[in-house]
1. Find how much the distance from Gln61 to Leu48 grows on full extension, using 0.36 nm per residue of separation minus their present alpha carbon separation; answer in nm with one decimal.
2. Highest GNM mean-square fluctuation, the chain, Cα pairs closer than 10 Å: which of Thr16, Thr43, Thr34?
3. Could you give the angle, 0 to 90 degrees to the nearest 10, between helix 17-31's Cα long axis and the longest principal axis of the Cα atoms of the chain?
4. Once both axes come from the Cα atoms, what is the angle between helix 60-76 and the longest principal axis of the chain, in degrees from 0 to 90, rounded to 10?
5. Express in nm, to one decimal, how much length is gained between Thr39 and Asp81 on full extension, taking 0.36 nm for each residue of separation and deducting their alpha carbon distance.
6. Select from Thr85, Thr39, Thr70 the residue whose mean-square fluctuation is largest in a Gaussian network model of the chain (Cα-Cα springs shorter than 10 Å).
7. Report, in deg cm²/dmol and to the nearest 500, the calculated mean residue ellipticity at 222 nm for the chain, where each DSSP H run with n ≥ 4 adds -39500 (n - 2.57) and the sum is divided by the residue count.
8. Under 10 Å, Cα contacts only: if you run a Gaussian network model on the chain, which one of Met23, Met75, Met89 comes out with the highest mean-square fluctuation?
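Each reported figure results from applying straightforward, stated rules to the coordinates on display, with no laboratory input. Keep in mind it's a predicted model, so treat the numbers as computed, not measured.
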Amino acid sequence: MVTLVPVPATLPILYTRELLAEMEHMFNDLSNGTQANSTNVVTLDQYLAFFKVTEPSDSDQGNQYAQRVTDKFHMHDRDGDGVVTFGEMMMHCDESGCE
Ligand SMILES: [Ca+2]
C-alpha cells in the first residue's frame, strides 16, 4: 500500500513510481495499440469514448460536456498533431493552459 500525502497546490504534482506505472498502463489500455512515431498515442475518438461522450448529444448540457472534453484533449495535444502521447497526457492542463 502506498500512502500519498497532499501537497500545496502551488507545487507540481509528484507521482510515485507505482502510480506512474499504473497510469501508463491505463494509458496504454486506452491507446489500444494505436501508435504514432513508434509510441502509443490516444486519438480524440478514444479520448471521447473514455469520457463517455457520444455525439451528437440530444441535450445542450451533453453538447457542452462534449465540447469541454474536446477542448481538454486539444490542450493536452501540445504539438497539435491530433493525438496525445503519455507525456502530453501527464501534463497538468486547465483553462489557463498546461504545465
Ligand atoms: Ca500530440
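1. Details: separation 13, 0.36 × 13 = 4.68 nm, distance 1.54 nm.
Working it through step by step, the gained length comes to 3.1 nm.
2. Residue with maximal mean-square fluctuation among Thr16, Thr43, Thr34: Thr16.
3. 20 degrees
4. Helix 60-76 sits at roughly 50 degrees to that axis.
5. Values: separation 42, 0.36 × 42 = 15.12 nm, distance 1.33 nm.
Extra length available between Thr39 and Asp81 comes to 13.8 nm.
6. Thr39
7. Values: 4 runs with 44 residues, N = 99.
Result for the chain: -13500 deg cm²/dmol, rounded to the nearest 500.
8. Most flexible of the set in this elastic network: Met23.
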